[in-house]
Amino acid sequence: MTAQAKELLVLDVKPGLAMESQSGIAQLWPKIYGALVRAEGSRTAAIVMHPASNFMGHYLLEPMAAAGITMLGLNSRYVNNDSQLVMERVLQDLGAGVRYLRDQGYDKVLLIGNSGGAALASYYQAQAENFTATHTPAGDPSGLSPQDLPPVDGIVLTAAHPGRSRLFSEWLDPSVIDEHDAFSADPALDMFNPANGPAYAPDWLARYRAAQLARNARIEQWARAQLAYIRSLPHGVRDMAFVIYRTAADPRHLDPSIDPNDRPAGNIWGNPREINYGANNIGRYTTLTAYLSQWAASTQADGPSNLVETTVPVLSIEHTADASVVPAMNALWVSRTPGRIVRHTLFGGTHYLAGQPEKVRETVDVIAAWARNV
(Lines give C-alpha, C1' and ligand atoms only; values in the text may rest on other atoms or scores of the structure.)
Protein backbone atom coordinates (compact mmCIF):
# COMPACT_ATOMS: atom_id res chain seq x y z
CA MET A 1 0.00 0.00 0.00
CA THR A 2 1.00 3.63 -0.38
CA ALA A 3 0.51 6.48 2.05
CA GLN A 4 -1.25 9.62 0.91
CA ALA A 5 -0.27 13.17 1.82
CA LYS A 6 -0.87 14.34 5.37
CA GLU A 7 -4.27 16.02 5.84
CA LEU A 8 -5.28 18.51 8.52
CA LEU A 9 -8.25 17.16 10.44
CA VAL A 10 -10.51 19.51 12.44
CA LEU A 11 -13.12 17.95 14.72
CA ASP A 12 -15.85 19.62 16.75
CA VAL A 13 -16.04 18.51 20.39
CA LYS A 14 -18.35 19.32 23.27
CA PRO A 15 -17.67 22.41 25.38
CA GLY A 16 -16.03 21.53 28.66
CA LEU A 17 -15.56 23.23 31.98
CA ALA A 18 -15.54 27.01 32.20
CA MET A 19 -12.13 28.68 31.85
CA GLU A 20 -10.34 25.53 30.64
CA SER A 21 -8.93 27.62 27.80
CA GLN A 22 -7.64 31.17 27.58
CA SER A 23 -9.42 31.51 24.23
CA GLY A 24 -13.05 32.54 24.39
CA ILE A 25 -13.93 30.93 21.09
CA ALA A 26 -12.22 27.69 22.16
CA GLN A 27 -14.42 27.59 25.26
CA LEU A 28 -17.67 28.07 23.37
CA TRP A 29 -16.81 26.42 20.02
CA PRO A 30 -14.10 23.91 20.97
CA LYS A 31 -12.29 22.06 18.20
CA ILE A 32 -9.42 19.62 18.21
CA TYR A 33 -6.85 19.13 15.47
CA GLY A 34 -5.12 16.14 13.99
CA ALA A 35 -2.88 15.03 11.17
CA LEU A 36 -4.36 12.22 9.07
CA VAL A 37 -2.24 10.06 6.78
CA ARG A 38 -4.36 7.61 4.81
CA ALA A 39 -3.15 4.21 3.67
CA GLU A 40 -4.78 3.72 0.29
CA GLY A 41 -7.25 0.82 0.38
CA SER A 42 -6.76 0.08 4.08
CA ARG A 43 -9.63 -0.96 6.36
CA THR A 44 -7.47 -0.51 9.48
CA ALA A 45 -6.70 2.80 11.19
CA ALA A 46 -4.87 3.82 14.36
CA ILE A 47 -4.79 6.90 16.56
CA VAL A 48 -1.66 8.05 18.37
CA MET A 49 -2.50 10.64 21.01
CA HIS A 50 -1.06 12.12 24.19
CA PRO A 51 -2.99 14.08 26.82
CA ALA A 52 -0.98 17.25 26.17
CA SER A 53 1.87 16.70 23.67
CA ASN A 54 1.53 17.62 20.00
CA PHE A 55 1.42 14.32 18.11
CA MET A 56 0.52 15.79 14.72
CA GLY A 57 4.17 15.28 13.75
CA HIS A 58 4.60 11.90 15.41
CA TYR A 59 7.33 9.73 13.93
CA LEU A 60 4.94 6.82 13.30
CA LEU A 61 2.43 8.63 11.07
CA GLU A 62 3.95 8.28 7.60
CA PRO A 63 5.79 4.96 8.17
CA MET A 64 2.71 3.23 9.58
CA ALA A 65 0.56 4.50 6.71
CA ALA A 66 3.14 3.21 4.24
CA ALA A 67 2.84 -0.16 6.00
CA GLY A 68 -0.90 -0.23 5.37
CA ILE A 69 -2.50 1.34 8.44
CA THR A 70 -4.16 4.75 8.18
CA MET A 71 -2.79 6.97 10.94
CA LEU A 72 -4.31 9.85 12.88
CA GLY A 73 -1.99 11.92 15.06
CA LEU A 74 -4.57 13.61 17.28
CA ASN A 75 -4.18 16.49 19.72
CA SER A 76 -6.42 17.17 22.70
CA ARG A 77 -7.84 20.59 23.46
CA TYR A 78 -5.01 20.97 26.00
CA VAL A 79 -2.17 20.55 23.51
CA ASN A 80 1.12 21.97 24.87
CA ASN A 81 -0.56 23.25 28.05
CA ASP A 82 -1.72 20.79 30.69
CA SER A 83 -2.14 23.37 33.46
CA GLN A 84 -5.95 22.97 33.32
CA LEU A 85 -6.09 19.52 31.80
CA VAL A 86 -8.88 17.22 32.96
CA MET A 87 -8.35 13.65 31.81
CA GLU A 88 -12.07 13.02 31.44
CA ARG A 89 -12.24 15.81 28.88
CA VAL A 90 -9.32 14.25 26.98
CA LEU A 91 -11.33 11.02 26.79
CA GLN A 92 -14.03 13.00 25.07
CA ASP A 93 -11.54 14.34 22.53
CA LEU A 94 -10.12 10.90 21.82
CA GLY A 95 -13.64 9.57 21.38
CA ALA A 96 -14.26 12.18 18.69
CA GLY A 97 -11.26 10.81 16.79
CA VAL A 98 -12.42 7.20 17.11
CA ARG A 99 -15.91 8.14 15.93
CA TYR A 100 -14.48 9.97 12.93
CA LEU A 101 -12.53 6.90 11.84
CA ARG A 102 -15.55 4.65 12.31
CA ASP A 103 -17.65 7.07 10.24
CA GLN A 104 -14.97 6.92 7.55
CA GLY A 105 -15.67 3.20 7.27
CA TYR A 106 -12.63 1.71 8.99
CA ASP A 107 -13.47 -1.77 10.24
CA LYS A 108 -10.57 -1.97 12.67
CA VAL A 109 -9.48 0.95 14.87
CA LEU A 110 -6.45 0.74 17.16
CA LEU A 111 -4.98 3.04 19.80
CA ILE A 112 -1.20 3.44 19.86
CA GLY A 113 -0.34 4.55 23.37
CA ASN A 114 3.11 6.09 23.15
CA SER A 115 4.77 7.47 26.29
CA GLY A 116 2.08 9.31 28.30
CA GLY A 117 -0.48 8.29 25.70
CA ALA A 118 -0.43 4.70 27.00
CA ALA A 119 -2.42 5.40 30.16
CA LEU A 120 -4.81 7.54 28.12
CA ALA A 121 -5.45 4.68 25.68
CA SER A 122 -6.08 2.28 28.56
CA TYR A 123 -8.41 4.68 30.38
CA TYR A 124 -10.31 5.30 27.18
CA GLN A 125 -10.92 1.65 26.34
CA ALA A 126 -11.81 0.76 29.94
CA GLN A 127 -14.49 3.45 29.88
CA ALA A 128 -15.63 2.48 26.39
CA GLU A 129 -16.23 -1.08 27.58
CA ASN A 130 -17.69 -0.22 30.98
CA PHE A 131 -18.58 3.45 31.48
CA THR A 132 -18.18 4.73 35.05
CA ALA A 133 -16.58 8.18 34.65
CA THR A 134 -19.69 10.20 35.37
CA HIS A 135 -17.66 12.60 37.52
CA THR A 136 -14.10 13.88 37.68
CA PRO A 137 -11.94 13.26 40.78
CA ALA A 138 -12.89 16.78 41.89
CA GLY A 139 -16.53 15.68 42.01
CA ASP A 140 -17.64 17.65 38.96
CA PRO A 141 -19.95 16.04 36.38
CA SER A 142 -17.72 14.83 33.55
CA GLY A 143 -20.24 15.59 30.81
CA LEU A 144 -19.37 12.23 29.27
CA SER A 145 -21.79 9.60 28.06
CA PRO A 146 -21.12 6.10 26.72
CA GLN A 147 -21.97 7.37 23.23
CA ASP A 148 -18.95 9.67 23.40
CA LEU A 149 -16.59 6.69 23.70
CA PRO A 150 -16.94 4.15 20.89
CA PRO A 151 -14.69 1.17 21.66
CA VAL A 152 -11.59 0.25 19.68
CA ASP A 153 -10.24 -3.14 18.64
CA GLY A 154 -6.76 -3.19 20.14
CA ILE A 155 -4.14 -1.23 22.10
CA VAL A 156 -0.42 -0.80 21.44
CA LEU A 157 1.80 0.29 24.33
CA THR A 158 5.17 1.66 23.24
CA ALA A 159 7.67 3.38 25.57
CA ALA A 160 4.65 3.36 27.86
CA HIS A 161 4.44 5.37 31.06
CA PRO A 162 1.97 3.74 33.45
CA GLY A 163 0.26 7.04 34.15
CA ARG A 164 0.73 10.67 35.03
CA SER A 165 0.07 10.13 38.73
CA ARG A 166 2.58 7.27 39.03
CA LEU A 167 5.24 9.21 37.13
CA PHE A 168 4.58 12.32 39.21
CA SER A 169 4.95 10.45 42.51
CA GLU A 170 8.19 8.82 41.37
CA TRP A 171 9.66 12.12 40.17
CA LEU A 172 8.43 14.41 42.97
CA ASP A 173 11.27 15.86 45.06
CA PRO A 174 10.59 14.86 48.69
CA SER A 175 13.29 17.15 50.08
CA VAL A 176 11.07 20.23 49.64
CA ILE A 177 10.52 21.75 53.08
CA ASP A 178 8.28 24.68 52.17
CA GLU A 179 5.79 24.36 49.27
CA HIS A 180 6.11 28.12 48.75
CA ASP A 181 9.92 28.10 48.49
CA ALA A 182 11.36 26.61 45.30
CA PHE A 183 14.81 26.17 46.87
CA SER A 184 14.05 24.86 50.35
CA ALA A 185 15.56 21.41 50.88
CA ASP A 186 16.07 18.83 53.60
CA PRO A 187 19.64 17.64 52.95
CA ALA A 188 18.86 14.17 54.30
CA LEU A 189 16.31 13.63 51.50
CA ASP A 190 18.09 15.53 48.74
CA MET A 191 19.13 13.22 45.90
CA PHE A 192 21.49 15.93 44.66
CA ASN A 193 23.35 16.03 47.99
CA PRO A 194 26.60 14.08 47.35
CA ALA A 195 26.42 12.70 50.89
CA ASN A 196 23.42 10.62 49.81
CA GLY A 197 24.74 9.35 46.47
CA PRO A 198 24.83 8.21 43.79
CA ALA A 199 25.01 5.32 44.29
CA TYR A 200 22.02 5.35 46.64
CA ALA A 201 21.80 2.86 49.49
CA PRO A 202 18.64 0.68 49.54
CA ASP A 203 17.52 1.95 52.97
CA TRP A 204 17.95 5.60 51.89
CA LEU A 205 16.06 4.89 48.68
CA ALA A 206 13.20 3.31 50.66
CA ARG A 207 12.93 6.44 52.84
CA TYR A 208 13.07 8.61 49.74
CA ARG A 209 10.23 6.73 48.00
CA ALA A 210 8.07 6.85 51.12
CA ALA A 211 8.69 10.59 51.44
CA GLN A 212 7.70 11.13 47.80
CA LEU A 213 4.35 9.44 48.38
CA ALA A 214 3.88 11.41 51.60
CA ARG A 215 4.52 14.73 49.86
CA ASN A 216 2.04 13.97 47.11
CA ALA A 217 -0.53 12.90 49.72
CA ARG A 218 -0.02 16.22 51.55
CA ILE A 219 -0.50 18.15 48.32
CA GLU A 220 -3.69 16.23 47.58
CA GLN A 221 -5.03 16.77 51.08
CA TRP A 222 -4.37 20.50 50.75
CA ALA A 223 -5.90 20.60 47.24
CA ARG A 224 -9.12 18.94 48.37
CA ALA A 225 -9.43 21.20 51.41
CA GLN A 226 -8.74 24.28 49.29
CA LEU A 227 -11.29 23.18 46.69
CA ALA A 228 -13.95 22.67 49.36
CA TYR A 229 -13.13 26.07 50.85
CA ILE A 230 -13.30 28.14 47.68
CA ARG A 231 -16.49 26.41 46.59
CA SER A 232 -18.11 27.23 49.93
CA LEU A 233 -17.64 30.96 49.34
CA PRO A 234 -20.42 33.07 47.79
CA HIS A 235 -18.42 34.30 44.77
CA GLY A 236 -18.98 31.16 42.67
CA VAL A 237 -15.31 30.39 41.97
CA ARG A 238 -14.85 26.70 41.12
CA ASP A 239 -11.08 26.34 40.74
CA MET A 240 -7.73 27.91 41.63
CA ALA A 241 -4.25 27.85 40.16
CA PHE A 242 -1.12 26.92 42.10
CA VAL A 243 2.53 25.91 41.60
CA ILE A 244 4.24 22.65 42.59
CA TYR A 245 8.01 23.07 42.82
CA ARG A 246 10.66 20.48 41.94
CA THR A 247 8.88 17.69 40.08
CA ALA A 248 11.80 15.92 38.35
CA ALA A 249 13.84 14.16 41.03
CA ASP A 250 13.88 10.42 40.38
CA PRO A 251 17.10 8.86 41.76
CA ARG A 252 17.10 6.57 38.71
CA HIS A 253 18.12 9.62 36.67
CA LEU A 254 21.48 9.75 38.45
CA ASP A 255 21.88 6.09 39.34
CA PRO A 256 21.18 3.76 36.39
CA SER A 257 21.95 0.77 38.61
CA ILE A 258 18.47 1.26 40.11
CA ASP A 259 16.09 -0.74 37.92
CA PRO A 260 18.83 -1.06 35.28
CA ASN A 261 18.45 -1.15 31.53
CA ASP A 262 20.65 0.20 28.73
CA ARG A 263 19.96 3.85 29.51
CA PRO A 264 22.69 6.38 30.29
CA ALA A 265 22.54 8.48 33.46
CA GLY A 266 20.49 11.65 33.14
CA ASN A 267 17.02 13.00 32.54
CA ILE A 268 15.64 12.67 28.99
CA TRP A 269 15.39 16.47 28.80
CA GLY A 270 18.82 17.47 30.11
CA ASN A 271 20.76 17.94 33.34
CA PRO A 272 18.65 16.37 36.12
CA ARG A 273 19.27 19.05 38.73
CA GLU A 274 18.62 21.89 36.30
CA ILE A 275 15.42 20.22 35.10
CA ASN A 276 14.23 19.65 38.66
CA TYR A 277 14.83 23.23 39.76
CA GLY A 278 13.84 24.77 36.43
CA ALA A 279 10.88 26.98 35.68
CA ASN A 280 8.83 24.24 34.02
CA ASN A 281 8.36 20.50 34.32
CA ILE A 282 5.57 17.98 34.84
CA GLY A 283 2.81 19.29 37.07
CA ARG A 284 4.62 22.57 37.76
CA TYR A 285 1.70 24.88 36.89
CA THR A 286 -1.71 23.42 37.60
CA THR A 287 -5.12 23.99 39.11
CA LEU A 288 -6.92 22.13 41.86
CA THR A 289 -9.18 20.24 39.46
CA ALA A 290 -6.39 19.52 36.97
CA TYR A 291 -4.08 18.24 39.71
CA LEU A 292 -6.72 15.88 41.07
CA SER A 293 -7.50 14.52 37.61
CA GLN A 294 -3.90 14.06 36.46
CA TRP A 295 -1.28 13.99 39.17
CA ALA A 296 -2.96 12.93 42.42
CA ALA A 297 -3.13 9.34 43.64
CA SER A 298 -6.91 9.52 43.30
CA THR A 299 -6.77 9.96 39.53
CA GLN A 300 -9.10 7.75 37.51
CA ALA A 301 -6.55 7.55 34.68
CA ASP A 302 -4.03 5.04 36.02
CA GLY A 303 -2.83 2.98 33.08
CA PRO A 304 -2.34 -0.57 34.41
CA SER A 305 -5.46 -0.40 36.59
CA ASN A 306 -7.53 0.54 33.57
CA LEU A 307 -5.88 -1.91 31.20
CA VAL A 308 -7.01 -4.83 33.34
CA GLU A 309 -10.61 -3.66 32.80
CA THR A 310 -10.33 -4.03 29.02
CA THR A 311 -10.77 -7.14 26.89
CA VAL A 312 -9.05 -6.18 23.62
CA PRO A 313 -5.67 -7.52 22.41
CA VAL A 314 -2.61 -5.61 23.66
CA LEU A 315 0.89 -5.26 22.22
CA SER A 316 3.70 -3.93 24.43
CA ILE A 317 6.91 -2.63 22.82
CA GLU A 318 9.58 -2.10 25.47
CA HIS A 319 12.61 0.11 24.75
CA THR A 320 15.76 -1.11 26.48
CA ALA A 321 17.64 2.22 26.38
CA ASP A 322 14.69 4.27 27.62
CA ALA A 323 15.78 6.80 30.25
CA SER A 324 12.18 7.53 31.20
CA VAL A 325 10.31 4.21 31.10
CA VAL A 326 12.31 1.67 33.10
CA PRO A 327 11.83 -2.11 33.35
CA ALA A 328 9.67 -1.93 36.50
CA MET A 329 7.16 0.17 34.58
CA ASN A 330 6.99 -2.34 31.74
CA ALA A 331 6.59 -5.16 34.26
CA LEU A 332 3.73 -3.30 35.94
CA TRP A 333 1.72 -3.27 32.72
CA VAL A 334 2.28 -6.98 32.20
CA SER A 335 1.54 -7.94 35.80
CA ARG A 336 -1.99 -6.58 35.52
CA THR A 337 -2.85 -8.52 32.36
CA PRO A 338 -0.76 -11.70 32.38
CA GLY A 339 -1.19 -13.82 29.29
CA ARG A 340 -2.98 -11.14 27.26
CA ILE A 341 -0.09 -8.85 26.34
CA VAL A 342 2.13 -9.68 23.39
CA ARG A 343 5.59 -8.36 24.28
CA HIS A 344 8.34 -7.15 21.98
CA THR A 345 11.75 -5.93 23.13
CA LEU A 346 13.20 -3.05 21.14
CA PHE A 347 16.87 -3.44 21.96
CA GLY A 348 18.69 -0.10 22.11
CA GLY A 349 15.51 1.92 21.66
CA THR A 350 15.51 5.29 23.44
CA HIS A 351 12.33 6.92 24.70
CA TYR A 352 11.59 9.02 21.60
CA LEU A 353 13.61 6.98 19.06
CA ALA A 354 15.18 10.27 17.95
CA GLY A 355 17.93 9.58 15.41
CA GLN A 356 17.06 5.87 15.35
CA PRO A 357 15.30 5.27 12.01
CA GLU A 358 16.03 1.53 12.18
CA LYS A 359 14.17 1.34 15.52
CA VAL A 360 11.24 3.22 14.02
CA ARG A 361 11.14 0.70 11.17
CA GLU A 362 11.24 -2.21 13.61
CA THR A 363 8.40 -0.67 15.60
CA VAL A 364 6.32 -0.24 12.45
CA ASP A 365 6.96 -3.81 11.32
CA VAL A 366 6.02 -5.24 14.72
CA ILE A 367 2.80 -3.22 14.98
CA ALA A 368 1.74 -3.97 11.41
CA ALA A 369 2.30 -7.72 11.84
CA TRP A 370 0.42 -7.78 15.16
CA ALA A 371 -2.46 -5.71 13.75
CA ARG A 372 -3.12 -8.24 11.01
CA ASN A 373 -4.16 -10.74 13.69
CA VAL A 374 -6.29 -8.41 15.80
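Which one of these does Pro141 not meet: (1) modelled with pLDDT under 95; (2) buried (at least 22 other Cβ atoms within 10 Å of the Cβ)?
Evaluating Pro141 over (1) modelled with pLDDT under 95; (2) buried (at least 22 other Cβ atoms within 10 Å of the Cβ) leaves (2) as the failure.
Go through Ala3, Ala35 for me and flag whichever is open to solvent by 20 Å² or more (accessible area, probe 1.4 Å) and either over 19 Å from the mean Cα position of the chain (by Cα) or free of Cβ contacts under 8 Å to residues at least 40 places away in the same chain (or both).
Result: Ala3 is the single residue among Ala3, Ala35 that is open to solvent by 20 Å² or more (accessible area, probe 1.4 Å) and either over 19 Å from the mean Cα position of the chain (by Cα) or free of Cβ contacts under 8 Å to residues at least 40 places away in the same chain (or both).
Name the pairs: first residue in segment 255-274 and at positive phi, second residue aliphatic (A, V, I, L, M) and in a loop (DSSP other than H, G, I, E, B), Cβ to Cβ under 7 Å, at least 6 apart or on different chains?
Within 7 Å, the pairs are Asp259/Val326; Gly266/Ala323.
Could you grab me the full set of residues in segment 222-252 that are touching a residue at least 60 places away in the same chain (Cβ under 8 Å), in a loop (DSSP other than H, G, I, E, B), touching a strand residue (DSSP E or B) at 6+ places or on another chain (Cβ under 8 Å) and among the aliphatic types (A, V, I, L, M)?
Ile244, Ala248
Which one of Val156, Val176, Val152 is within 15 Å of Trp333 (Cβ to Cβ) and either crowded, with 22+ Cβ neighbours inside 10 Å or of a type in the set (Asp, Glu) (or both)?
Answer to the check: Val156.
Kindly evaluate Pro202 against the criterion of being open to solvent by 50 Å² or more (accessible area, probe 1.4 Å) and without any contact (Cβ under 8 Å) to a residue 12 or more places away in the chain.
Judged against the criteria, Pro202 is a match.
Looking at Trp295 and the list (1) at pLDDT below 95; (2) under 18 Å from the mean Cα position of the chain (by Cα); (3) not polar (S, T, N, Q), which single condition is not satisfied?
The failed condition is (1).
Do you know which of the residues in segment 336-365 that are of a type in the set (A, V, I, L, M, F, W, C) and part of a loop (DSSP other than H, G, I, E, B) is most open to solvent (accessible area, probe 1.4 Å)?
Phe347
If we keep just the residues of segment 266-286 that are among the hydroxyl-bearing types (Ser, Thr, Tyr) and open to solvent by 10 Å² or more (accessible area, probe 1.4 Å), which is nearest to Trp171 (Cα to Cα)?
Tyr277
Kindly provide the set of residues from segment 218-265 that are acidic (Asp, Glu), buried (at least 17 other Cβ atoms within 10 Å of the Cβ) and over 17 Å from Asn276 (Cβ atoms), ordered by number.
Just the residues of segment 218-265 that are acidic (Asp, Glu), to begin with: 220, 239, 250, 255, 259, 262.
Pick out the ones that are also buried (at least 17 other Cβ atoms within 10 Å of the Cβ) and you get 220, 239, 250, 255.
Matches in segment 218-265: Glu220, Asp239.
So Ala328 clears everything in (1) open to solvent by less than 50 Å² (accessible area, probe 1.4 Å); (2) not in a loop (DSSP other than H, G, I, E, B) except one condition, right? Which one?
The number of the failed condition is (1).
Just one of (1) part of a loop (DSSP other than H, G, I, E, B); (2) farther than 28 Å from Thr286 by Cα trips up Trp204, so point out which.
(1)
For a quick check of your reading of the model, give me the residue pairs whose first member lies in segment 108-129 and is within 14 Å of Met64 (Cβ to Cβ), whose second is of a type in the set (Lys, Arg) and surrounded by fewer than 24 Cβ atoms within 10 Å (Cβ to Cβ), with beta-carbon atoms closer than 7 Å and at least 6 apart or on different chains.
Correct list of pairs: Lys108/Arg43; Val109/Arg102.
Go through (1) over 16 Å from Ala159 (Cβ atoms); (2) in contact with a Pro (Cβ under 9 Å, 6 or more places away or on another chain) and name the single condition Pro304 misses.
(1)
The values are calculated or read from the model by the stated rules, or taken from the named source; none is laboratory data. Quick caveat, the model's predicted, so the values are computed rather than measured. With ideal geometry, Cβ positions are generated from the backbone for all residues, glycine too; neighbour counts draw on all protein chains shown. Remember, those area values only see protein heavy atoms, side chains included, never the ligands or the DNA or RNA. Shrake-Rupley method; radii C 1.70, N 1.55, O 1.52, S 1.80 Å.
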